[in-house]
There are 2 protein chains.
Amino acid sequence: MQRAEPQDFSRVLSSMCTEPHAIAHDAAVRFLASNPGDPGTYETVARLERDAIESLGEIAGLPDAAGYIASGGTEANIQAVRIARNRAETRTPNVVAPASAHFSFHKAADVLRVELRTAPLEEYRANLEAVSELIDEDTVCVVGVAGTTEYGRVDPIPELAELAVDAGALCHVDAAWGGFVLPFTEHAWNFSDAEIHTMTIDPHKLGRAAVPAGGLLVREPELLDELAIETPYLESTSQMTLTGTRSGAGVASAAAVMSELWPAGYEAQYRTARSNAEYLRDEFEARGYDVVEPVLPIVSVELSDGLIDGLRDAGWRLSRTGAGEARIVCMPHVTRPMLAAFLSDIDRLS
Amino acid sequence: MQRAEPQDFSRVLSSMCTEPHAIAHDAAVRFLASNPGDPGTYETVARLERDAIESLGEIAGLPDAAGYIASGGTEANIQAVRIARNRAETRTPNVVAPASAHFSFHKAADVLRVELRTAPLEEYRANLEAVSELIDEDTVCVVGVAGTTEYGRVDPIPELAELAVDAGALCHVDAAWGGFVLPFTEHAWNFSDAEIHTMTIDPHKLGRAAVPAGGLLVREPELLDELAIETPYLESTSQMTLTGTRSGAGVASAAAVMSELWPAGYEAQYRTARSNAEYLRDEFEARGYDVVEPVLPIVSVELSDGLIDGLRDAGWRLSRTGAGEARIVCMPHVTRPMLAAFLSDIDRLS
C-alpha cells in the first residue's frame, strides 16, 4: 500500500477538531496500546483517567467530579440521556432540547428509543417559554447548550435547570465545544452556576487532547450507576462506558494537556480565538457581508452559493449552517495569516 | 505533572488487546488528528476507511463489503442489534444469544431497550435446540459467537443463521477476536459459509491495529440505512456510526496493517499462537491441572484461588472466567519465553 499522508489543517475552517498540543501528542503516542476500558489490567492509564476527570471538574465548577473520558461528545450526550431515561419510571420518556442541540441528541433518541422534543429558538438561544411548554410528566431530561455548534451561543442554563428540577427531570448541559472557553467569560454555564446534573465537555476539541477524548461529568457518582453493566471476565467488575475497549491515547493526552494548559494556557488560547473572530467579523462587515455576532469564537456569515463553491474548489474546508451561512470555527490552528489568506481568496473570487 | 509511562505487555496474559504492529503504530501517529467522522473535511482518512472495510470483507468472505471502522467490538455489537431492532416492526423486540455472548450484548440490551434471551450452552457452544426454543415472532436477531471471550469456541454459525432466516430475523456473528485467526482454520464462520447478515470483526485485537479500531460489516449496504442520522452542519449529509468524531489513528492503522499482514502475516501469527496455546496446555497437563481444550488459542485452566492471588502479586495480569478458571489469551505479545517465566512462577508458588 502506498504510504498515506493526512491533510494538514492549513485550510480547515469549520472543524471542531484541531491539531493536538505537542504534550498531548506525545502522551497519546506513549499510551497508544493501553486500554482504559480494562482498568484492572491497565492501571496507569486508569489513574490518568481519574486525573483527567479531576481537571474537567475544576474547569466545570465541580469539585470531586465523577465521570469518565468518553469517545467524544456524541457518546457523552447519549450516556447523559441514558442516565436520565434509566432513572425515570416512565415507559414513554421524552427529552426536551432547544432546536440548536447537536444532532447527537437525535442519534440518542433513536438509539435509546426516547422522544426528542425540540423547542424553537429566540435569537439563536433556547426560548424558555417554548421549552416549558414541551415539558410534561414524561420528561426525563432538559438539555441546554453552552456553545452551540452553529453559532456558539449559550442557552440560559440556570433557568433551564430550574425547569428541569421543577419537572423532576435531569438537566444536561452540552458544553462539548464551549467548555474550554466559557471559564474565561461571564456566562453562567457550569455546575457551580446552576443546578445541572450532567455535562458533556470534550478535551479533544478546544482542550487540545488527541481524539478520542470526550468528557462526561455527573454531579453525583450515583448517577453513573444507571449505566453499570457487569463484566464477568475482566479484572474489574462493572463498566459504565458505552464502548468497551477504549483509547489510552485519548485518556493520557487529555490528562497531560489539561495539566499543562489549565488555566493560563487555555485562557491565552481563548483570547487569541476571540481576537481572530472579531477580526474576521470586522473584515466581513467591511466588505458588506451579514455576520451573526460571534458571542463565542465561531463566525457565521452569509456568502453566496457560488462563492462558497469557489472557496471549496480553492481547497478551503468550509461547512454551512442549516440556514446556509458559512461557518468558521476559530480553533487553535486557525491563525490570523490563515484568515488573511481566506479573505484574500474571497476578494479574488467575489 | 510527572511524566506517566504505560506498563509494558510483558506480564499481560488475559487481555484481548496487544501492542500494535510497527506499521500500525506509525500510521496511527501520522493520523492522530484526522477525523473519519467528518469525511467531507478529512478525505484521506475517509479513503483509508474504505480500504480497511475492503480488507475486512476479504477476511470475512464478503466481496464489496459495506460497514465501517467502529470504536470497538462493543459498538459494533450494539449497532448490529440496533440495525435488527430498527428494521423490525415489533415494539417488544428480543435478541437470542448463547450464554457465552460477550457482555456487550447485555449493554446493547439496556441501551437499546431490547430483551436479551440467553440460551444455555453445550460443550461451551450454543445449543441449537435451546436457541430455537427462545426464538419467537418478536425475535429480531440471532447471535452466534465465532471465538468466545472465555474459551475461544465457535458456535454452529450456519445452523444459527438458518434459525434466524426461518424466523425472519437477522443473524449477527461476533468474531471480534476470532476473525483474524478463523480464516486459517476449518471452521464455518463467515459470510461465505453462512447466510449471516452482520459481523463484528476487530482490527484492534488480533488484527494488530491501534485502538480504537473495531469493525462492523453488513452483507447489504441497505442495512446501514437503519442507522443513518442527518448531519446538518457537516460537509457530509448523514452519519451511521454510534459515535460522532472518530479516531483517524484507529482507521489509518487498521488500513495499513491489514494491507501488510493479510493473509500471510496473520497466518504466521496464528500458527505461533496455536503452538503457544498447545505448549501451555501440555505444560499445565503435565503438572496435573485441568485445562479446557484450546480450540482457538485461548487456554483456560483451573488454578487455586491462592495460586491466582500469588501470580497476581508477582505482577501477572490474569483474569478469570465466570466459572473461575484462569484464562490466558495467546496474543502476539505472549511469547514462549513469557509463558516459560509464567510456568516457572507457578512452579515456585504451588
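Below are the figures for this structure:
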{"read-out": "Among (1) over 19 Å from the mean Cα position of the chain (by Cα); (2) not in a helix (DSSP H, G or I) - the single one residue A:282 does not satisfy", "value": "(2)"}
{"read-out": "Total residues in segment A:325-350, condition surrounded by fewer than 20 Cβ atoms within 10 Å (Cβ to Cβ), modelled with pLDDT of 95 or more and either among the aliphatic types (A, V, I, L, M) or part of a loop (DSSP other than H, G, I, E, B) (or both)", "value": "9"}
{"read-out": "Any hit, segment B:152-159, residues being surrounded by 24 or more Cβ atoms within 10 Å (Cβ to Cβ) and basic (Lys, Arg)", "value": "yes"}
{"read-out": "Selected residue (only one of B:177, B:189 is touching a strand residue (DSSP E or B) at 6+ places or on another chain (Cβ under 9 Å), crowded, with 19+ Cβ neighbours inside 10 Å and closer than 30 Å to residue A:104 by Cα)", "value": "B:177"}
{"read-out": "Selection count where residues are within 21 Å of residue B:130 (Cα to Cα), β-branched (Val, Ile, Thr) and either buried (at least 20 other Cβ atoms within 10 Å of the Cβ) or within 10 Å of chain A (Cβ to nearest Cβ) (or both), scope segment B:81-117", "value": "4"}
{"read-out": "Long-range neighbours under 9 Å by Cβ, at least six apart or interchain, first residue at positive phi within segment B:1-12, second modelled with pLDDT of 80 or more and in a loop (DSSP other than H, G, I, E, B)", "value": "none"}
{"read-out": "Test: residue in segment A:299-321 that is surrounded by fewer than 19 Cβ atoms within 10 Å (Cβ to Cβ), aromatic (Phe, Trp, Tyr) and in contact (Cβ under 8 Å) with a residue 60 or more places away in the chain", "value": "no"}
{"read-out": "Residue satisfying all of: in segment B:186-204; touching a residue at least 60 places away in the same chain (Cβ under 8 Å) and among the acidic types (Asp, Glu); nearest to the other protein chains (Cβ to nearest Cβ) among these", "value": "B:202"}
{"read-out": "Which numbered condition residue A:75 misses (of (1) in contact with a His (Cβ under 9 Å, 6 or more places away or on another chain); (2) at the interface with chain B (Cβ under 9 Å from one of its Cβ atoms); (3) part of a helix (DSSP H, G or I))", "value": "(1)"}
{"read-out": "Residue, farthest from residue A:13 (Cα to Cα), within segment B:1-46, restricted to residues that are facing another protein chain (nearest Cβ under 7 Å) and β-branched (Val, Ile, Thr)", "value": "B:12"}
{"read-out": "Every residue from segment B:205-246 that is free of Cβ contacts under 8 Å to residues at least 12 places away in the same chain, touching a strand residue (DSSP E or B) at 6+ places or on another chain (Cβ under 8 Å) and within 8 Å of chain A (Cβ to nearest Cβ)", "value": "B:229, B:230, B:231, B:233"}
{"read-out": "Sole exception among (1) more than 9 Å from chain B (Cβ to nearest Cβ); (2) within 19 Å of the chain's Cα centre (by Cα); (3) buried (at least 23 other Cβ atoms within 10 Å of the Cβ) for residue A:62, by number", "value": "(3)"}
{"read-out": "Segment B:103-145, residues that are among the hydroxyl-bearing types (Ser, Thr, Tyr) and under 23 Å from residue B:78 (Cβ atoms)", "value": "B:104, B:118, B:139"}
{"read-out": "Residues located in segment A:216-243, provided they are touching a Lys or Arg at 6+ places or on another chain (Cβ under 8 Å) and assigned to a loop (DSSP other than H, G, I, E, B)", "value": "A:233, A:235, A:242"}
{"read-out": "Within segment B:31-59, considering residues that are of a type in the set (Gly, Ala, Ser) and part of a helix (DSSP H, G or I), the one farthest from the chain's Cα centre (by Cα)", "value": "B:46"}
{"read-out": "Cross-chain or 6+ apart pairs with Cβ under 8 Å, segment B:247-269 first and within 12 Å of another protein chain (Cβ to nearest Cβ), then of a type in the set (Asp, Glu)", "value": "B:251/B:49; B:255/B:49; B:255/B:51; B:256/B:26; B:259/B:51; B:262/B:58"}
{"read-out": "Condition broken by residue A:60, with the remaining ones in (1) within 30 Å of residue A:321 (Cβ to Cβ); (2) in contact with a Phe, Trp or Tyr (Cβ under 6 Å, 6 or more places away or on another chain); (3) at pLDDT below 95 satisfied", "value": "(3)"}
{"read-out": "Condition met for residue B:30 (out of contact with any strand residue (DSSP E or B) (no Cβ under 8 Å at 6 or more places or on another chain), farther than 30 Å from residue B:139 by Cβ and among the charged types (D, E, K, R))", "value": "yes"}
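The values are calculated or read from the model by the stated rules, or taken from the named source; none is laboratory data. These numbers were taken from a predicted model, which means no experiment stands behind them. Ideal geometry is used to build each Cβ from the backbone, glycine not excepted, and the neighbour counts take in all protein chains shown.
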